[in-house]
Each structure stands twice: as C-alpha cells, then as structure tokens.
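Asks: To start, I am sharing the structure in question, which I have written as structure tokens.
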Amino acid sequence: MLQGLLVDLVPYGQVYHDLEHTWRNHEASYWSSGGDRPIVTRAEMRAHFERRAEHQNRPDAGVTFGVQTKDGTPIGFFSINWLVPHHRLAMLGARIGDPAYWGGGYGTDALTLLVDYAFGWLDMHKVWLGTTDANARVQRQMEKVGFVLEARSRAESLMDGVWSDGLLYGLLRDEWPGRATVIERIGLKARR
C-alpha cells in the first residue's frame, strides 16, 4: 500500500473490478477517454479483465492501483498503463470514478503517490499522461504537480459536438523534487 494524505493506493482487486463497470458507464469515462460515452456491459468488463490478466507477465505490463480514501472508500484507480523498460518510460492513467471526490485533491494526492512510485521504485526516467483541452481539471493538476505540456494534437477528439485538442504532459525524473516537496508547495493537507 502507498499511503497519502487523502488517499491510499492499494492492490486493484475484485471490489474495484465491480465498481469499474459503474465508473466506465458514467461521466468519469467521458473525461478520461477523450469524449467517449460508451455503454459497457459486465461481460465486456470481465473480458477486459481477462485480457489484462493474460498480459500481466509481459515486461511492458504496467501496474494498476485502486484508490481509496483514508476511511477505505474505493473512489477510482491510477495506473502505469504502459512501460518501456529500456527507455525507462511510463505512461500513466488515472480515473477518480466517483464524482463526489472530484476537485478535492484526491486525484492530486494519488498522482503524486504514483509519480513517486514510478521514479523511486521503478526507476523510470520519464512519465507522461494524456488528456484533452476540454479537461481543465486535469490540466491544472498536471501543472500543479510539475508536468510540462509537451505536445498538442489539434482537433483529435469530438466531445459533445466540439473538436477538442489532445494534450500530452510529461515529467522527467530530474524535474521531480519529490512527493513531500510537491505536497508542501501545493498546500495539500490531510482531512480529519
């Protein structure tokens, strides 16, 4: 378990599998997928988890963590979706599936834990994450944590009838001052 101020990153188990069906059929999926509004069945989710399990022993297989509040409430998942071991590059994924926890620092706390894990435990050289220009919340989060906007792919997603640019944010290990420094700089505090 990776312990944060507001959340802990825990093994991604059955409770998250069960909740992910709800999260993928909710507004959370729209923001993390670049505007898709799929309807995903439980059978499709089972097949997704089976495919993921088949690839778990590959060298480029990532790691997924469940995100839970300090009282143990599961609220989403953060992951390293793709690794390039030779280049020490990792693509991150993030979803706070429960909108009640959007905008309260929970995702930022989880992100700093994941970045610290990627640099400290996996010895990555660079981590990156993609979003859209319509997702202002994630853009603020990336910049707050220290990620740099590296690329803009113009008009790549059609989101509710409006073309949105794809944004790629990156962070180099040499730019990461450490989780404690970032937490202090952004003023994130534990809640009682």
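Asks: Let's see if you can work this out: charge +1 on each Lys and Arg Cβ, -1 on each Asp and Glu Cβ, no other charges. What is the dipole magnitude of the chain about its Cα centre, in debye to the nearest 20?
Replies: So the dipole magnitude of the chain works out to roughly 260 debye.
Asks: For the chain, report the accessible area per residue in Å² (1.4 Å probe, heavy atoms, rounded to an integer).
Replies: About 54 Å² of surface per residue is accessible.
Asks: Then there is this: Looking at the square roots a ≥ b ≥ c of the eigenvalues of the Cα gyration tensor of segment 147-192, which shape do they give, rounded for a/c under 1.5, prolate if a/b is larger than b/c, or oblate?
Replies: Judged from the Cα gyration tensor, segment 147-192 comes out oblate (a/c at least 1.5, b/c at or above a/b).
Asks: How do 183-192, 156-165 rank on mean C-beta neighbours within 10 Å, highest first?
Replies: Packing order, densest peptide first, comes out as 156-165, 183-192.
Asks: Just one of (i) 60, 35, 34; (ii) 46, 38, 30; (iii) 42, 41, 38 is Cα extents along the principal axes in Å as worked out from the coordinates here. Which one is it?
Replies: Read-out from the structure maps to (iii).
Asks: Roughly how many percent of the accessible protein surface of the chain is carbon and sulfur, given a 1.4 Å probe and a whole-percent answer?
Replies: 52
Asks: A follow-up question, please. Quick one: Cα centre-to-centre distance for segment 73-125 and segment 146-168, in angstrom?
Replies: Between the Cα centre of segment 73-125 and that of segment 146-168, the gap is 20 Å.
Asks: Still on this structure, please answer the following. As I understand it, the dipole of the chain uses +1 on the Cβ of Lys and Arg and -1 on the Cβ of Asp and Glu, about the Cα centre. Which of Val40, Gln139, Leu168 lies farthest toward its positive end?
Replies: Of the candidates, Gln139 comes out farthest on the positive side.
The values are calculated or read from the model by the stated rules, or taken from the named source; none is laboratory data. Please read all numbers here as calculations on a predicted model, not as lab measurements. Note: ideal-geometry Cβ built from the backbone for every residue, glycine included; neighbour counts use all protein chains shown. Surface areas here come from the heavy atoms of the whole protein model, side chains and all, with no ligands, DNA or RNA. Shrake-Rupley method; radii C 1.70, N 1.55, O 1.52, S 1.80 Å.
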